[in-house]
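Here's the structure we're looking at; comments come further down.
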Amino acid sequence: MYSRKVIEHFQHPRNVGEIKDPDGVGRVGNPVCGDIMEIYIKVKANRIEDIRFKTFGCAAAIATSSMVTELAKGKTLDEALKLTRNDVAEELEGLPPIKMHCSNLAAEGLHKAIEDYLKKFKREKGRVATSR
Ligand code: FES
């Protein structure tokens, strides 16, 4: 049912864990299955310098979290925002149709982490601008 790559990422997920003092955090959940995913990013010079995840979910949710961190690491924020659930699924050599929503969770988690960073970054900039 699962591709060789999905099983490999599920058994040996990359970038598992938290980042202390992250620049952005994305939290997403699937109300249907109850699975939860958190993605943490560290940003430097507009690039994702480090990325980690914590996922409580099915094998596909863990494999897609792992893959999305691999795909996003080192990318600019714009490039990372363009990653879709299909990119994640394709890199994993496909997912069973009923598991496609799991890859949506991973892409959405990444996008939310970036949005969180951009919100904080704008707030910081605003503070600097008004304090001068
Ligand atoms: Fe919930 Fe996979 S079954 S994310």
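Accessible area per residue for the range 1-92 is 52 Å², calculated with a 1.4 Å probe on protein heavy atoms, without ligands, DNA or RNA.
Tell me the relative contact order for the chain as a rounded percent, counting alpha carbon contacts under 8 Å between residues six or more apart. The value is 29 percent.
Both the radius of gyration and Dmax for the chain are 15.2, 60 Å, in that order, over alpha-carbon atoms. Cβ-Cβ distance of Lys54 and His12, R₀ of 22 Å, FRET efficiency by 1/(1 + (r/R0)^6): the value works out to about 0.85.
Over the range 29-79, the ratio between the Cα radius of gyration and 2.2 N^0.38 Å evaluates to 1.24. Principal axis extents of the Cα atoms in the range 75-132, from largest to smallest and rounded to whole angstrom, are 55, 19, 10. Dipole check for the range 22-84: with +1 at the C-beta of Lys and Arg, -1 at the C-beta of Asp and Glu, and the Cα centre as origin, the magnitude is about 100 Debye. Straight-line reach only, C-alpha to C-alpha below 21 angstrom: list the lysines that Lys120 could link to, leaving out same-chain residues fewer than 8 apart. Here the lysines satisfying the reach criterion relative to Lys120 are Lys20, Lys42, Lys44, Lys73, Lys75, Lys82, Lys112. Taking only C-alpha pairs under 8 Å that are 6+ residues apart, what is the relative contact order of the range 73-117 in percent? Worked out over the range 73-117, it gives 48 percent.
Per atom type, the range 53-115 shows carbon and sulfur on 52% of its accessible surface, probed at 1.4 Å. Around the amide H of Asn15, modelled in the peptide plane, lies no amide H under 5 Å away from a residue 5 or more places distant or on another chain.
Candidate cross-link partners of Lys122 among the aspartates and glutamates, defined by an alpha-carbon separation under 17 Å and a same-chain spacing of 8 or more, comprise Asp23, Asp78. Taking the Cα centre of the chain as reference, the dipole from Cβ charges on Lys and Arg (+1) and Asp and Glu (-1) amounts to some 600 debye.
In the chain, a dipole from Cβ-located charges (positive for Lys and Arg, negative for Asp and Glu) runs towards its positive end, and of Met100, Val32, Leu118 it is Leu118 whose Cα lies farthest in that direction. Here the label points at Lys5 and Arg127, each 7 Å from Cα along the C-beta direction, are separated by 4.1 nm in the simple model.
Quick check: net charge around Gly29, other residues with Cβ under 15 Å of its Cβ, Lys/Arg +1 and Asp/Glu -1? Counting the neighbours of Gly29, the net charge comes to 0. Shown here are the Rg and Dmax of the Cα trace of the range 1-50, at 14.0, 41 Å.
The values are calculated or read from the model by the stated rules, or taken from the named source; none is laboratory data. As the structure is a computational prediction, the values presented were derived from the model and not from experiment. Every residue, glycine as well, gets a Cβ built from its backbone with ideal geometry; the counts of neighbours run over all protein chains shown. Remember, those area values only see protein heavy atoms, side chains included, never the ligands or the DNA or RNA. Shrake-Rupley method; radii C 1.70, N 1.55, O 1.52, S 1.80 Å.
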